[in-house]
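Inspection log for the structure reproduced underneath, given as structure tokens.
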Amino acid sequence: MARYTGPACRLCRREGLKLYLKGDRCYTDKCAITRRANPPGQHTHSRRKVSEYGLQLREKQKARRIYGILEKQFEKYFEMAERMKGVTGENLLQLLERRLDNVVYRLGFANSRSEARQMVRHGHITVDGRKVNIPSFLVNVGNVIALKEKSRSIERFKENIEQSSKTVPKWMELNAESFEGRILSLPEREDIDIPIEEHLIVELYSK
């Protein structure tokens, strides 16, 4: 599947805020937003009034980049969210949060969502004791997400758990000693701390 392979920090500069795409580096002075907050490219210091469409597009792009999702896949999530009961924007964020690669990241098994995606693809993660290597797999209440037993001796993974500064969201729980996490409930909007105004994404797709 096609993926963005350019500089991750360029995406953060384009959106004007930290998207935490490079794990620990984002918390240091090496962060691109800390060093150069202006957008990439020429004429970046010129001020232009952003249109309503531009604001909506930026929110959609920001969400896509945070979760590492391609355009067509993002559209499918939006269509799923529309068919669900409740508020479409909140449904969309809930679906994105339930992705297995995001859950692995939220539990602290990985320093970034891209690292979590790689862990899943390489078969290091199990769900209810069965290996799942699909990053877009949607977890449900009661699922147990764990690091495969053979993978628990890998130093990188042990360091991720021991040094993780992330707070595990209240809709899941972590047992760091057994490298396991459990889904306690589906995430509510107040549980999702990403800086997204989801109503702008709904407005964009409703045109």
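The values are calculated or read from the model by the stated rules, or taken from the named source; none is laboratory data. As the structure is a computational prediction, the values presented were derived from the model and not from experiment. Using ideal geometry, Cβ is built from the backbone for each residue, glycine included, and neighbour counts are taken over all protein chains shown.
Under 16 Å from the mean Cα position of the chain (by Cα), in the same structural domain as Glu180 (by TED's automatic domain parsing), within 21 Å of Ile201 (Cβ to Cβ) and of a type in the set (D, E, K, R): is that true of Arg113 in this structure? Criteria met by Arg113.
When the range 139-161 is limited to residues that are part of a loop (DSSP other than H, G, I, E, B) and free of Cβ contacts under 8 Å to residues at least 40 places away in the same chain, the one that is surrounded by the most Cβ atoms within 10 Å (Cβ to Cβ) turns out to be Lys148.
In the range 163-183 there is at least one residue matching the filter, namely being in a helix (DSSP H, G or I) and more than 18 Å from the chain's Cα centre (by Cα). Looking only at the range 71-109, residues that are aromatic (Phe, Trp, Tyr), within 21 Å of Ile125 (Cβ to Cβ) and in a helix (DSSP H, G or I) come to 2 in all.
If the condition is being in contact with a Ser or Thr (Cβ under 9 Å, 6 or more places away or on another chain), without any contact (Cβ under 8 Å) to a residue 24 or more places away in the chain and surrounded by fewer than 22 Cβ atoms within 10 Å (Cβ to Cβ), then the range 78-111 contributes only Glu82.
The requirement of being modelled with pLDDT of 95 or more and touching a Ser or Thr at 6+ places or on another chain (Cβ under 9 Å) is not satisfied by Phe137.
Residues are listed down the side, and each one gets a yes or a no for (1) under 16 Å from Ile183 (Cβ atoms); (2) free of Cβ contacts under 8 Å to residues at least 12 places away in the same chain; (3) surrounded by fewer than 23 Cβ atoms within 10 Å (Cβ to Cβ):
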{"position": "Arg113", "(1), (2), (3)": "no, no, no"}
{"position": "Met119", "(1), (2), (3)": "no, no, no"}
{"position": "His122", "(1), (2), (3)": "no, yes, yes"}
{"position": "Gly129", "(1), (2), (3)": "yes, no, yes"}
